[in-house]
1. Using θ = phi - 60° and the Karplus relation 6.51 cos²θ - 1.76 cosθ + 1.60, list the HN-Hα couplings for the range 17-32 in order, rounded to whole Hz, with x at every Gly or Pro.
2. Once Lys and Arg get +1 and Asp and Glu get -1 on their Cβ, which of 93, 151, 40 lies farthest toward the positive end of the dipole of the chain?
3. Spin-label point model (7 Å from Cα, Cβ direction): what's the residue 104 to residue 148 distance in nm?
4. Would you kindly derive the ³J(HN,Hα) couplings of the range 89-99 from the backbone phi angles with the Karplus curve 6.51 cos²θ - 1.76 cosθ + 1.60 (θ = phi - 60°), listing them in order in whole Hz, with x for Gly and Pro?
5. Taking just the alpha carbons, could you work out the radius of gyration and Dmax for the chain, both in angstroms?
6. Provide the FRET efficiency to the nearest 0.05 for the residue 31-residue 122 pair, computing r from the beta carbons and using R0 = 22 Å.
7. Under 10 Å, Cα contacts only: if you run a Gaussian network model on the chain, which one of 46, 54, 21 comes out with the highest mean-square fluctuation?
8. Where nothing but the Cβ of Lys and Arg (+1) and of Asp and Glu (-1) is charged, how large is the charge dipole of the chain around its Cα centre, in debye to the nearest 20?
Amino acid sequence: MQETCTNAGDFLRSIFEGAGLDLEVSVQETAAECLLDFSGHDAELLQAESGELLQALQHLVNQAFGRTLPDGQRFVCDVEGFRATRESELRAMANLAADRVRSTGAPFVFGEMNSNERRIIHLTLAGCEDLFTESVGEGSARKLRVARKPSR
């Protein structure tokens, strides 16, 4: 996997250089993932709009190099810890939504989210025996709904 990670990092460096972006790429490999972490003066561009550009870069890398990764391994693109921070925010939002649904009985619908963000909320609430989650809507306008499970 080391060669694939290195090639992906080089690929992204060439994109950043060609676009005139001041971004560095560091590559870290674990058994489960190839982490491509970005830093530099233009890092905030990758964090705008809930990290849409960051998500797009990860999609691009997966399309270009994903088939060469061993089974069970994946690419993760991050910028200055943005993904970890966003994941913590989403987990907190999921727990707040669960508390609200439990206290009011009314379903809670999050705003539009990308598939990765919806996945984090689904996984956070997966162990709740009294609640269920579902994605609703179409395409990029998909949202996530949290509701009580029907009583039997």
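1. Values per residue, Gly and Pro as x: 5, x, 8, x, 8, 8, 9, 9, 10, 10, 10, 10, 10, 10, 5, 9 Hz.
2. Final value for the positive-end residue is 151.
3. 1.4
4. These are the phi-based 3J(HN,Hα) values: 4, 5, 5, 5, 4, 4, 5, 5, 4, 4, 4 Hz.
5. Looking at the chain, its Cα Rg and Dmax stand at 18.0, 60 Å.
6. Values: r = 24 Å, r/R0 = 1.11.
After rounding, the FRET efficiency stands at 0.35.
7. 21
8. Working: 16 positive and 24 negative charges, 239 e Å.
That gives the chain a dipole magnitude of about 1140 debye.
All of the numbers you see were taken from the coordinates with simple rules; none came from a lab. A quick note: this is a predicted structure, and the numbers were derived from the prediction, not measured. Every residue, glycine as well, gets a Cβ built from its backbone with ideal geometry; the counts of neighbours run over all protein chains shown.
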